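Everything on this sheet refers to the single structure shown next.
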Amino acid sequence: MDARLRRVNKEILDCKNDRASNIQVDLIDNSPFHLKGSFNGPEGTPYEGGHFEVDIVIPDSYPFQPVKMKFITKVYHPNISSASGAICLDILKDAWSPVLTLKSTLISLQSLLCSPEPNDPQDAEVAKHYMTSRSSFEETARYWTMIYAGGPGKEGLKSGAKSGSKDEVAMAGLEKAHVDQFEALGFDRSKVIDVLRRMNYRGANVAKINDDRVVEELLK
Amino acid sequence: MSSDYEYSDQEYYDEDDEQMFDEDGSASDMEIDAFPEDFKSKKGKQKSYEVPHEPLTQAQIEQFMAQDVENISGIFGVDVSIVDPLILILAKDRLIEKYMDNPTAVLVKAGLELPEKQTESSSRSRASQTGPRRSTRRQNSDQPRSGVSKIIERITPPVEDYGPFVCPICFDDTQTETMALACNHKFCSACWNAYITSKIRTEGEHWITCMAEDCSLVTPDKFIHFALKDDKATWERFQELLVRHFVSCNPNLKFCPYPSCTNAVSCPAASSKSVLTTIVPIVCCGASDSHKFCFGCTIDADHRPVICAVAKMWLQKCQDDSETANWIKSNTKECSKCQSTIEKNGGCNHMTCKKCKYEFCWVCMGPWSEHGTAWYSCNRYDDKSSIDARDAQSKSRASLERYLHYYNRWANHEQSAKLSVELYAKTEKKMEEMQITSELTWIEVQFMKKAVDEVFKCRMTLKWTYAMAYYLEKGNQKALFEDNQRYLENAVEELSELIESPFEPETIATLRQKVTDKTVYVQNRNEIMLEDTARGFQEGRWKWNVTVNGFDQAEEGEE
């Protein structure tokens, strides 16, 4: 039997047998080379309680080349693209070793959620948010976990959020008062959210960015 | 220690250089048979505009590498196979220094030895090395022997006697053959083979570490050879990668930049950046006469006589300016107060500079305040203030004008050189026909080829002299430079005219005489141009009107 197939089959079996680690690997479209991995958000992080799914593609030269992984579930994290789910992690690139398995790689992803590396970001905007205000970042990450990963959310976070409708302001990690302020000037709400997010209008930064600059950006 | 080694290196190059020049001389002898004797008078003597260099083929580079490996193994007293990766990671001289200082650190960095923590647990044979770092220095004499013993251990696949072995990569327990480096991370040889092949083939990597996670031990040549078994192609590719890396690490070596050319050139004279202010290291890789390139910079053509820094500046300027300069000249004017360039894209002649708010008249460039109520029509052309404004305008135009003067000539020579080669292609056809129809011999119709080659060469020189002249400071030296340039230019123009003149079988003899004479003259002029400029660089004669990299201090000191 093909060494790659044998190895992947064994790895899938390993994950099935190991209930303790809570890592699951399932087939997508019946091929053992295109898989869906999933795990729970680590405890004590904004991702706690969420269930995260990862798209896994096994390349032809596996295990000598790294697996290709990206998040299916949207995640608010400095090293994960909030748009595409692409992951910035050394072992998925040059630090890959053939002894690493699907399970160990998924565990590494899990621990990536515990310890973001904002100095080597995949998503620069999220990283900026993380660096400016940790508490605001965590709140947003928790909100994303709740919306996308089925997390419990913070009690009394945003009243309307629980009902299933997404609160765009919270999604972008912004203050409702700020968005309202610029919306009152006659700008489109979604545009205000977009600009403020790009400018990292959060925490201590709010004092540094004067309103004129925001308006200038809005007018562009 | 290190300087000793380099010195012997130098000697090695020198010997070969002489040999090469002899070969070179005799080769060109044959080509120019049809020319007078004094043509080759300069043979043997090295010209000051030429830099000694040696073309190397792939095989020769490999020899070089082997020699370096041997040298280092001699100095370190370690086995040859251990040096291979060593030599590839660090510049030689520093390597020796560092090794003397702390052999363990170097070996760890080279991936030849495990960091001490791991050593303790995994390698039995290295028990003596587990002391604190300081003590290893005193144990220097032990180093060679332990190195050798380790090598043997590395390339001998340990035979697995006890229990069924399950390879942690392919999970196959039927494999009997396993291999491991000194770190004792065992994998089946099929996996090693696949891993190494994939590293070499798909990643183009010569630096192959152990497959285990976080293990930095590097697989030596012999191990790779052993693991690849009969896969000759991959082994050769690996060798090629090694050579590539070796060349890129060695400041004396450079690959020929021409497509699919595998030769390299050794040019120790141009190995440091600082000499590039005095020499122009144009080298030839030996594969073909046209494979000329500069050893000092990335311009892949002969840019003599001008040095790399100036040539680069000029090319950069041309790229930035040439396309737009003409447009600017014809479509814009400068504000007479702040000199910002202004394009008038409609409206009246009352201009207000966006930058300095100066108000002026577009037609006469004079201040608008003096125009009174004469809107839309300017009749104040001769007024003094307008004249002053136009003077200022023309001054800033002059610098652009000056640049265009040099640029046009620069570009013109390039264009002409190309055209003369095209023309020659036609002439050559005619010559061949003539060979068949008349009783002229092959050798008798070859003079054209030589002349065209010479024109091409001189036009390249001329082209770059314009770049140089643009940056030269005004003065006697520049005047002399431009004299030489003019003589060469005139001679080249005359020769190209001769080449283009129509020829018939009856007149060919006289034409041949004329062309040959002119070619010799042009060649001499080119020689003088190159010689004098090169000598000027060595004597520090040239002064620039801008700051040139590497010249900064010299310029300030003398001015």
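The values are calculated or read from the model by the stated rules, or taken from the named source; none is laboratory data. Owing to the predicted nature of the structure, the values given are computational and were not obtained by experimental measurement. Because the Cβ atoms are built from the backbone with ideal geometry, glycine has one as well, and the counts that use them run over all protein chains shown.
Entry remark, the stretch B:495-509: residues being touching a helix residue (DSSP H, G or I) at 6+ places or on another chain (Cβ under 7 Å), in a helix (DSSP H, G or I) and loosely packed, with under 14 Cβ neighbours inside 10 Å number 1 in total.
Assess whether A:Lys93 counts as being touching a residue at least 12 places away in the same chain (Cβ under 8 Å), within 30 Å of B:Lys186 (Cβ to Cβ), surrounded by fewer than 16 Cβ atoms within 10 Å (Cβ to Cβ) and charged (D, E, K, R). It is true that A:Lys93 is touching a residue at least 12 places away in the same chain (Cβ under 8 Å), within 30 Å of B:Lys186 (Cβ to Cβ), surrounded by fewer than 16 Cβ atoms within 10 Å (Cβ to Cβ) and charged (D, E, K, R).
Report yes if B:Ala194 is at pLDDT 85 or above and surrounded by fewer than 17 Cβ atoms within 10 Å (Cβ to Cβ), otherwise no.
Numbers: at pLDDT 85 or above: yes; surrounded by fewer than 17 Cβ atoms within 10 Å (Cβ to Cβ): no.
Judged against the criteria, B:Ala194 is not a match.
What about B:Asp321, is it acidic (Asp, Glu) and modelled with pLDDT of 80 or more? Before the answer, list the steps.
On the way: acidic (Asp, Glu): yes; modelled with pLDDT of 80 or more: no.
Criteria not met by B:Asp321.
Put simply, of B:Lys273, B:Lys254 the only residue that is in contact with a strand residue (DSSP E or B) (Cβ under 7 Å, 6 or more places away or on another chain), within 30 Å of B:Gly536 (Cβ to Cβ) and away from chain A (no Cβ under 14 Å) is B:Lys254.
Looking at B:Asp142, B:Asp214, B:Asp221, which one is more than 14 Å from chain A (Cβ to nearest Cβ) and at pLDDT 50 or above?
Details: B:Asp142 fails: at pLDDT 50 or above; B:Asp214 fails: more than 14 Å from chain A (Cβ to nearest Cβ).
Result of the check over B:Asp142, B:Asp214, B:Asp221: B:Asp221.
Closer than 25 Å to B:Val522 by Cα, at pLDDT below 85, surrounded by fewer than 20 Cβ atoms within 10 Å (Cβ to Cβ) and in the same structural domain as B:Val520 (by TED's automatic domain parsing): is that true of B:Leu423 in this structure? Reasoning before the result, please.
On the way: closer than 25 Å to B:Val522 by Cα: yes; at pLDDT below 85: yes; surrounded by fewer than 20 Cβ atoms within 10 Å (Cβ to Cβ): yes; in the same structural domain as B:Val520 (by TED's automatic domain parsing): yes.
Spelling it out, B:Leu423 is indeed closer than 25 Å to B:Val522 by Cα, at pLDDT below 85, surrounded by fewer than 20 Cβ atoms within 10 Å (Cβ to Cβ) and in the same structural domain as B:Val520 (by TED's automatic domain parsing).
Tallying residues that are closer than 25 Å to B:Thr174 by Cα, outside any helix (DSSP H, G or I), modelled with pLDDT of 85 or more and not hydrophobic (A, V, I, L, M, F, W, C) within the stretch A:1-47 yields 1. For A:Asp94, indicate whether it is modelled with pLDDT under 85 and not assigned by TED's automatic domain parsing to the domain that holds A:Thr140. Yes; evaluated as a whole, the condition is true for this residue. Counting only residues that are within 17 Å of A:Thr140 (Cβ to Cβ) and aliphatic (A, V, I, L, M), how many does the stretch A:196-220 have? Total satisfying the criteria: 4. Here the stretch A:1-37 is the region considered, the condition is being surrounded by fewer than 17 Cβ atoms within 10 Å (Cβ to Cβ) and of a type in the set (S, T, N, Q), and the residue that is nearest to the other protein chains (Cβ to nearest Cβ) is A:Asn9.
Can you tell me which residue among B:Gln523, B:Gln477, B:Gln513 is over 19 Å from B:Thr278 (Cα atoms) and in contact (Cβ under 8 Å) with a residue 24 or more places away in the chain?
On the way: B:Gln477 fails: over 19 Å from B:Thr278 (Cα atoms); B:Gln513 fails: in contact (Cβ under 8 Å) with a residue 24 or more places away in the chain.
From the options B:Gln523, B:Gln477, B:Gln513, the qualifying one is B:Gln523.
Residues of the stretch A:176-220 that are assigned to a loop (DSSP other than H, G, I, E, B) and of a type in the set (Asp, Glu): A:Asp188 alone.
Restricting attention to the stretch B:167-211, the residues being within 10 Å of another protein chain (Cβ to nearest Cβ), in a strand (DSSP E or B) and not hydrophobic (A, V, I, L, M, F, W, C) number 1. Determine whether the stretch B:472-482 contains at least one residue that is closer than 23 Å to B:Leu400 by Cβ, outside any helix (DSSP H, G or I), touching a helix residue (DSSP H, G or I) at 6+ places or on another chain (Cβ under 8 Å) and at pLDDT 80 or above. Looking for residues that are closer than 23 Å to B:Leu400 by Cβ, outside any helix (DSSP H, G or I), touching a helix residue (DSSP H, G or I) at 6+ places or on another chain (Cβ under 8 Å) and at pLDDT 80 or above, one finds at least one in the stretch B:472-482, hence yes.
Just give me the residues in the stretch A:62-82 being touching a residue at least 40 places away in the same chain (Cβ under 8 Å), part of a loop (DSSP other than H, G, I, E, B) and either among the aliphatic types (A, V, I, L, M) or within 13 Å of chain B (Cβ to nearest Cβ) (or both), in sequence order. Within the stretch A:62-82, A:Tyr62, A:Pro63, A:Val75 qualify.
Would you check if there is a residue in the stretch A:47-58 being crowded, with 18+ Cβ neighbours inside 10 Å and more than 26 Å from A:Ala141 (Cβ to Cβ)?
Of all residues in the stretch A:47-58, those crowded, with 18+ Cβ neighbours inside 10 Å come to A:47, A:50, A:52, A:54, A:56, A:58.
Going one step further and asking which of them are more than 26 Å from A:Ala141 (Cβ to Cβ), we end up with A:58.
Within the stretch A:47-58, one or more residues are crowded, with 18+ Cβ neighbours inside 10 Å and more than 26 Å from A:Ala141 (Cβ to Cβ).
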